[in-house]
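Please read the structure below before turning to the comments.
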Amino acid sequence: QVQLVESGGGLVQFGGSLRLSCVASGSIFNIVAMNWYRQDPGKFQRELVARIDSGSKTNYADSVKGRFTISRDNAKNTVYLQMNNLKPEDTAVYYCNGELQLRIGGPTFSYWGQGTQVTVSS
């Protein structure tokens, strides 16, 4: 059974930093891409914050460019989100998402972690 487990959230002051981690475990053949989403409790949709694909190509939401960095450790099936210069508007539940293949030539499935709360005080 595939699991994604996030860690690293918490309370931080304006301008501070946090690093989120997400470990993917289980019978995974290939990680196509790993993403970080966030959801404000007052909003219905989750926002894509950052993405890193199997070739380590990265994409970021405009609101976090220059402040957040996504990276991955393939040997550990782990993706990180380094968040610097945090602002109150970054407050949200952050979710790890994996686009995973479970077998050779198989389809890509989307898996989600349970989420980790990030709160930035002003």
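The values are calculated or read from the model by the stated rules, or taken from the named source; none is laboratory data. Remember, it's a predicted structure, so these values are computed and weren't measured experimentally. Note: ideal-geometry Cβ built from the backbone for every residue, glycine included; neighbour counts use all protein chains shown. These area figures cover heavy atoms from the full protein model, side chains too; ligands, DNA and RNA do not enter into them. Shrake-Rupley method; radii C 1.70, N 1.55, O 1.52, S 1.80 Å.
Within segment 28-49, the residues that satisfy the criterion of being of a type in the set (D, E, K, R) and in a loop (DSSP other than H, G, I, E, B) are 40, 43, 46. Among the residues that make up segment 12-27, is at least one of them in a strand (DSSP E or B), open to solvent by 60 Å² or more (accessible area, probe 1.4 Å), in contact (Cβ under 8 Å) with a residue 12 or more places away in the chain and closer than 25 Å to residue 85 by Cβ? Yes, there is a match, as at least one residue in segment 12-27 is in a strand (DSSP E or B), open to solvent by 60 Å² or more (accessible area, probe 1.4 Å), in contact (Cβ under 8 Å) with a residue 12 or more places away in the chain and closer than 25 Å to residue 85 by Cβ.
Inclusion of residue 79 among residues that are under 16 Å from residue 39 (Cβ atoms) and either of a type in the set (A, V, I, L, M) or without any contact (Cβ under 8 Å) to a residue 24 or more places away in the chain (or both) is not warranted.
May I ask you to list the residues in segment 92-122 that are surrounded by fewer than 20 Cβ atoms within 10 Å (Cβ to Cβ), touching a residue at least 12 places away in the same chain (Cβ under 8 Å) and outside any strand (DSSP E or B)? Once the filter is applied, which keeps residues that are surrounded by fewer than 20 Cβ atoms within 10 Å (Cβ to Cβ), touching a residue at least 12 places away in the same chain (Cβ under 8 Å) and outside any strand (DSSP E or B), segment 92-122 yields 102, 103, 104, 106, 114, 115, 122. With respect to being modelled with pLDDT of 95 or more, more than 19 Å from residue 14 (Cα to Cα), open to solvent by 70 Å² or more (accessible area, probe 1.4 Å) and not aromatic (Phe, Trp, Tyr), residue 45 falls outside the description.
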